[in-house]
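Can you read through this structure? Questions will come right after.
The values are calculated or read from the model by the stated rules, or taken from the named source; none is laboratory data. As the structure is a prediction and not an experimental result, all values here were calculated from the model. All Cβ positions, glycine included, derive from the backbone under ideal geometry; neighbour counts span all protein chains shown. Each accessible area value is taken on the protein alone, full model and side chains, heavy atoms only, with ligands, DNA and RNA left out. Shrake-Rupley method; radii C 1.70, N 1.55, O 1.52, S 1.80 Å.
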Amino acid sequence: MIDLLDHSGWFANISRVKNLGFRLVEGSIHTSQTILAANAAALISAVGTESDLWSRERIAEVIVTDNLFGKRTESAKLGSLRDMVALYGFDRPPPLTLALLELWKSSRNHHLLLGVAGVARDPVLRSSAAVIFAAEPGQKITYREMASYLETRYPGRFSAGTLRAVGERCVSSWAQMGHLTASRARCRIPAEPDPAVAAFGVFLAICAGYAGVAVLSSSWLRMLDVDYEQALSLLRRAEAMGDLRLRMAGHVFDIELTGRLATIAAPAEMADGLL
């Protein structure tokens, strides 16, 4: 078991995230896989975005029976099924995954959208964000640097071989999201969020207990690699799409979810006794 002790920047109110799909204390998929963004995107394309389409039986049919990923053996097919369940909860989608599916059609950067969900669901990947946040544009990020940071973050948790593999996979996952180049030499580049990804970041931040301007300074928005004005531009476009509502007057800044996203986030509000 891996315990994420430092929640700063990610969670302002731990009690709000219960049953929403976040993972705080669990093993990491990165001991065996990356975020597998291409596979997850293919699965969503095959199943659809309506919440009632998703079940263990349906994704097993697509991944195992229909062999969506072209695996050669039954064990490999079953492994892919386990990966999709562990990474994204596709068998019984929690609110976090439902929000991802809700925003899917309006997003043009599906890999980043999936990556943000992966960070919410994998404590080790979330911890590794510190390396990405600290890197300057163009700076090379190696698996050694990532593994070294994770060793300081989780001293003694991994063997030397596992630590190297986890470092490599975390670097690969950040490259899939668009924070690092796809070339062999991984270098820091800015992510390319769209309004749907920004709305998802707001969804996660609000579910994690942030409100008002604190939403914009949370790590969920920091992942988008945008400054304050760029964030506002994205959020205004998300507002026009009906995903959230902004209120700005003088020094007052308020942001709230609307429509389907507000309904999906309701368990967090209930946890705070607000409904």
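So which lysines can Lys140 reach, going by Cα to Cα under 29 Å and dropping same-chain residues fewer than 8 places off?
Hits, sequence-local ones excluded: zero.
Could you give the length gained on full extension between Cys187 and Thr152, defined as 0.36 nm per residue of separation minus the Cα-Cα distance, in nm?
Net length gain for the segment: 10.4 nm.
Once the Cβ-Cβ distance between Leu24 and Thr142 is put in as r, and R0 is 30 Å, what FRET efficiency do you end up with, to the nearest 0.05?
For R0 = 30 Å, the calculated efficiency reads 0.60.
Could you give the dipole magnitude of the chain about its Cα centre, charging the beta-carbon of Lys and Arg +1 and that of Asp and Glu -1, in debye to the nearest 20?
620
Taking square-rooted eigenvalues a ≥ b ≥ c of the alpha carbon gyration tensor, is the range 84-125 rounded, prolate or oblate, where a/c under 1.5 means rounded and, failing that, a/b exceeding b/c means prolate?
It is oblate, given that a/c is not under 1.5 and a/b is not larger than b/c.
Here is a further query. With a cut-off of at most 12 other beta carbons within 10 Å, and DSSP calling the residue loop, which trypsin sites (Lys or Arg not before Pro) in the range 35-95 qualify? Please list them.
Arg72
Relative contact order for the chain: what is it in percent, counting Cα pairs under 8 Å that are at least 6 residues apart?
So the answer I get is 23 percent.
Between Val213, Trp54, Val166, whose Cα lies farthest towards the positive end of the dipole of the chain when Lys and Arg beta carbons carry +1 and Asp and Glu beta carbons carry -1, centred on the Cα centre?
Val166
Residue-wise, which Karplus ³J(HN,Hα) couplings in Hz belong to the range 40-52, taking 6.51 cos²θ - 1.76 cosθ + 1.60, θ = phi - 60°, and x for glycine or proline?
Whole-Hz 3J(HN,Hα) from phi for the range 40-52: 5, 5, 5, 5, 5, 4, 6, 8, x, 9, 6, 4, 6.
A follow-up question, please. Which whole-Hz ³J(HN,Hα) couplings does the range 75-86 yield from phi under the Karplus relation 6.51 cos²θ - 1.76 cosθ + 1.60, θ = phi - 60°, glycine and proline marked x?
5, 5, 5, 5, x, 5, 4, 4, 4, 5, 5, 5
Oh, and also: How do Ser127, Ser106 stack up against each other in accessible area, from largest to smallest, with a 1.4 angstrom probe?
Ser106, Ser127
Further, regarding this structure: Tell me, what is the per residue accessible area of the chain in Å², probe radius 1.4 Å?
44
Follow-up question, since we're still on this one. Karplus couplings for the range 60-73 from phi (6.51 cos²θ - 1.76 cosθ + 1.60, θ = phi - 60°), rounded to Hz, Gly and Pro as x?
5, 4, 6, 7, 8, 5, 7, 6, 3, 8, x, 6, 8, 10
Rank these residues by their accessible area, most exposed first, probe 1.4 Å: Phe200, Phe133.
Phe133, Phe200
Using a 1.4 angstrom probe on the protein heavy atoms only, could you order Glu151, Glu57 from most to least accessible area?
So, going from the largest accessible area down, we get Glu57, Glu151.
Under the rule of -39500 (n - 2.57) per DSSP H run of 4 or more residues, summed and divided by the residues of the chain, what mean residue ellipticity at 222 nm is obtained, to the nearest 500 deg cm²/dmol?
The per-residue figure over the chain is -15000 deg cm²/dmol.
With the full set of protein chains in place, find how many percent of the accessible area of the range 25-76 is carbon and sulfur; take the probe as 1.4 Å.
44
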